[in-house]
Amino acid sequence: MTLNELPIGKEAVITKVGGEGALRCRLLDMGIIPKTKVTVTKVAPMGDPIELRLRGYTLTIRIDDAKNIEVKEGAAE
């Protein structure tokens, strides 16, 4: 599943960060890297953007960017 499909309040682990070039580098620079736990905390009224909680901070990203991030529900191993 991708990050944009994760329900509010559910925790998942990032398995793959897609995208190309500057987009992928920007996502990795923000701390969105494989094996990181992430939780969707809020969704804007119109559905875009979404607010995430990871690595002890809150991050807001666009739905189009979230579609490039693959996650697996549950805790890290």
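Odds and ends about this structure:
- Nearby aspartates and glutamates by direct alpha-carbon distance to Lys35 (threshold 20 angstrom, same-chain neighbours under 8 apart not counted): Glu5, Glu11, Glu20, Glu51, Asp65, Glu70, Glu73, Glu77
- Its alpha carbons give the range 26-67 an Rg and a Dmax of 10.0, 29 Å.
- Square roots of five times the Cα gyration tensor eigenvalues for the chain, Å: 16, 15, 11
- The alpha carbons of the range 1-40 stretch over 30, 16, 14 Å along the principal axes, in descending order.
Bear in mind that the values in this text are calculations on the coordinates, not laboratory data. Predicted, not measured: the structure shown is a model, and the values here were computed from it.
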